[in-house]
Structure formats: structure tokens, C-alpha cells
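Read the structure below first, then the notes.
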Amino acid sequence: MNTIRTLFALVLVAAMCATVFGVGDDLYVNKTLLQNATAQGAVCLDGSPPAYYLHRGFDSGLSNWIVFLDGGGWCESISDCQGRKTTEKGSSKYMMNQTNFLGILHNTTKLNPDFYNWNKVWIGYCDGSSFTGDIDEVDPEKKLYFRGARIFKAVMDELWSQGMQNAKNAILSGTSAGGLATILNCDKFKFFFSSDVKVKCVANAGFFINANTISGTPNIHKKYQQVVDLHGSIKNLPPSCTSTMEPSLCFFPQNVISFIETPLFIINSAYDAWQINNTLVPSNLDPQHIWEHCKVRISNCTLNQRTTIKAFGVEFLKAFDGLTPCITRGYFITSCHTHAQIVTPEYWFSTSSPRILNKTIAEAVGDWYFDRTGLHQYMDSYPFAKDC
């Protein structure tokens, strides 16, 4: 009897989860290896060909495209990249044969009201430089390839032959390191299209700020310096920025966005979980694990930790407010202690989604892209970080 009750409970829980999270709405898309890209030297860290996942549009969305850049941090040293090339973030060999398209990549109006029937592409991230690296030389012993920029171009060329040359609307998007890549490659993406195509960019969780750690050290700037040097990224950063400041500073959106001409929408949290957990409090500065529970949930933080996090949020907003005003730029800045939201249905468009001025992220992005309203700048008025 107990076994039957246990089985019944498990079935009930599964049914509840399906109702809440929409398991029946899963959209799995097959991986495509771009074998011919290797002839151009467009390869992952380990030399394997790049990969992407394509779901075709339908009905009125046949001529519309969303290109999504995957995220997953960076590698800033030879040893770091060596370890990375044995994972899906450094080799297409380890990428999943299928990936689940959710949020902005979903194909139903219920979960993605404005872009459900567009052609959607997920580009695998396997270069460790936010698609900016380009070095010809390959160490014969280490066998590491730094070719992120070539991957971006090769996949764009492939999509062009797959029908993107007929696009009427196009969005470049991405999250985390892919969100940063969206910002850095936004104008390049625009240049693929003729002037009559409506092209915009949507960057999620990619507004990494140049902030110090709790010890006052510039760890994130040092990391970016190493990434730019190791991958030879300078040639693929906006020259309008690199001509005015040290190149690695152009890896920070606060320094480069003002030079971007293509309309850009920024989705971020002022208390971004990755930045709190890595930029502000990297694990090596917390050997006693004092911050461990606080990093998981803001409600676990002590008063002193909350004060430190609040100061980070103030610094984030100061960097954001320092951007040159632009009427084509939109943003949705929350106070949620989260990271990478637009491919998560609970955040993108659902009854539990964060709302600002009664708009979900999906609604705000749709209004901005289609010029439906004059308001495109949404800032959460909540004065502190919160668990969402």
C-alpha cells in the first residue's frame, strides 16, 4: 500500500510540474555541425567545427530571424582553455545532440507571443572569448585554436545560405557571455543585411561592469585583459572604442555601448547573480565560505552582506546611467538576484515573470522591437536585491 501511495504521489508531482513548467511545451532542436567552416579556420578551442541549432519559422514569420548566442564565461589562460576544450564550451564534440528552445526561442504564442513563428538559431559557444578571438597561430603542443570571430562569421554565412538573405526582420540575441557577444557584434550583425531590413539586438545578462571585489581588487578587469590578449580580440572590438581607451576596457559594455549604432535592448539585473558571485565575491576571496548561503539566496544574507550587495547595485546603476542617451535603446533592469533570463519561460513570459510597469520582459522587448509604444526603458524601483 505504501508503495502504491508513493507511486501515486510521484505521478501527481510530475503532473503538477508539467502544469507549472509546461513540460509538454518542450521544443527540442537538432544540432547541425558546420563542417565546411574548418576550411576557413573557424573552429572551436579544440579544432572541432562549430555547431548550431536551427528551428524553421512558419506562416508570417518565414522571413524573420532570431540568432541567439550561447553563453558560458570565458577562458583567460592556456590551462583554463585546455580544461574548457574537453567540455561543450570548448568543443562541438561535447555539445548536446539536441537542445530545448524556451523563452524567446519558443514556438507558441502562449510562451512567446511576438516571436513564436520566427526562424530561430542557437549558436553553440565553444571559443571562450564571446566570439571575438582570431589568432592564426596554433601551438603544436597545446593545440588550442582562438577563432571565436571566425565562428561568428562562418555561421552567419551559413545562415545566409539557409534563407537569412531573404530576411525582413532580424534580431541578434544572447545571454551572459553571449549577451556580451551580442553587444560587441551588434553592428557587425547589422552589416550583413540591406538597409531596408529591420535589425535590432537584444542582450541579456551581458552588462558586466568594471567593478572591484570585496577586497578592492580589479579581478574582472584583469580577467578581461587576459582574455583580450590571449584570444587576439582587439581586432574584433569596436575600433571607435579601442582608439580611445585601453582595448580590454572595450570588453565592458559601459564603455562600448555608446559607440553602437544599431538599436539595442538591454535586459539585466542590477544585482546580477553571476556578477555578485564572481566579480564582487570570487570564491578565492571567501575561503571560509561566509558568503556561500548568501550567494544562493539574498534572504540568507547578513546585514553587512546586504549593504555590500546594495553598494554593488548602486555602482551598476551608476555605470548604466553613464551611457550616452539614445532614443533607439531600450532596457529592462530588474532587482532580481538572477542571471540569464530570456530563455527561461518563468522569466520571459509567464504569470510569475518579473514585471516593471506591469510589463513582462517579453512584452517590453516586443513593444520596443515593433515600435508599439514610446516607452522602452523599464527600471525596477525596488531599492535592493531580491529573490525572484
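The values are calculated or read from the model by the stated rules, or taken from the named source; none is laboratory data. Please read these numbers as outputs of a predicted model, since none were measured by experiment. When we count neighbours, we look across all protein chains shown, and the Cβ atoms used for this are built from the backbone with ideal geometry, even at glycine. Keep in mind that these areas ignore ligands, DNA and RNA; they rest on the heavy atoms of the full protein, side chains included. Shrake-Rupley method; radii C 1.70, N 1.55, O 1.52, S 1.80 Å.
For the stretch 308-388, the Cα-based Rg and Dmax, in that order, read 13.1, 39 Å.
Surface exposure of the chain, expressed per residue as accessible area with a 1.4 Å probe, stands at 43 Å².
Scattering from the stretch 278-334 was approximated by placing one identical point on each alpha carbon and applying the Debye formula without solvent; log10 I(q)/I(0) at 0.14, 0.18, 0.29 1/Å stands at -0.52, -0.73, -1.26. Less than 5 angstrom separates the built amide H of ASP70 from those of ILE123, TYR125, all sequence-distant by 5 or more or on a different chain. With the Kirkwood sum run over all distinct C-alpha pairs, the stretch 27-109 has a hydrodynamic radius of 14.5 Å.
Normalised Debye scattering of the stretch 28-182 at q = 0.09, 0.16, 0.17, 0.21 Å⁻¹ gives log10 I(q)/I(0) of -0.28, -0.82, -0.92, -1.31, counting only Cα atoms as equal scatterers and leaving out solvent. 3J(HN,Hα) along the stretch 171-188: 10, 9, 9, x, 9, 6, 4, x, x, 4, 4, 4, 5, 5, 10, 4, 5, 4 Hz, from the Karplus curve 6.51 cos²θ - 1.76 cosθ + 1.60 with θ = phi - 60°, whole Hz, x for Gly and Pro. You can think of it this way: the chain between SER215 and LYS110 has 33.2 nm of extra reach, that is 0.36 nm per residue less the Cα-Cα gap. Accessible area of ARG84 (1.4 Å probe, protein heavy atoms only, ligands and nucleic acids ignored): about 30 Å².
Between GLU137 and TYR94, what is the FRET efficiency for a Förster distance of 30 Å, r being their Cβ-Cβ separation, to the nearest 0.05? It would help to have the intermediate numbers written out before the result.
Working: r = 25 Å, r/R0 = 0.82.
It comes to 0.75.
Taking a point 7 Å from the Cα of GLU261 along the Cα-to-Cβ direction, the residues of the stretch 231-250 with backbone N closer than 17 Å to it are 237-243.
Quick check: at a probe of 1.4 Å, how many percent of the accessible area of the stretch 215-330 sits on carbon and sulfur atoms?
On the way: 3050 of 5510 Å².
Carbon and sulfur together cover 55 percent of it.
A straight line joining the Cα centroids of the stretch 302-381 and the stretch 196-236 runs 19 Å. Residue ranges 93-102, 221-230 sort as 221-230, 93-102 when ordered by packing (mean number of other C-beta atoms within 10 Å per residue, highest first).
If I stretch the segment between TYR382 and ASP59 completely, what's the gain in nm (0.36 nm per residue apart, minus their alpha carbon distance), one decimal?
Values: separation 323, 0.36 × 323 = 116.28 nm, distance 4.07 nm.
Gain on stretching TYR382 to ASP59: 112.2 nm.
For the cross-link pairs LYS198/LYS359; LYS190/LYS386; LYS142/LYS223, the ones whose C-alpha atoms lie over 26 Å apart are LYS190/LYS386.
Put a dot 7 Å past the Cα of GLU292, heading toward its Cβ, do the same for ASP25, and the two dots end up 3.7 nm apart. Taking 0.36 nm per residue of separation and subtracting the Cα-Cα distance, full extension of the segment from ASN36 to ARG355 would add 110.4 nm. Each residue, LEU303 and LYS318, gets one label point 7 Å from its Cα in the Cβ direction; the gap between the two is 2.4 nm.
For the stretch 111-122, backbone phi angles converted through the Karplus equation (6.51, -1.76, 1.60; θ = phi - 60°) give residue-by-residue couplings of 10, 7, x, 9, 10, 4, 9, 7, 5, 10, 10, 10 Hz, Gly and Pro being listed as x. Taking the helices alone, the chain has a mean residue ellipticity at 222 nm of -8500 deg cm²/dmol, built from -39,500 (n - 2.57) per DSSP H run of at least 4 residues and averaged over all its residues.
Along the stretch 52-60 the Karplus relation, 6.51 cos²θ - 1.76 cosθ + 1.60 evaluated at θ = phi - 60°, assigns HN-Hα couplings of 8, 10, 10, 10, 6, x, 8, 6, 6 Hz to successive residues, with x for each Gly and Pro.
Over the stretch 36-146, with every protein chain in place, what whole percent of the accessible area is carbon and sulfur at 1.4 Å, could you tell me?
Details: 2040 of 4100 Å².
Carbon and sulfur atoms account for 50 percent of the accessible area of the stretch 36-146.
The coefficient of translational diffusion for the chain, derived via Stokes-Einstein from the alpha carbon Kirkwood radius under 4 °C and 1.567 mPa s, stands at 60 µm²/s.
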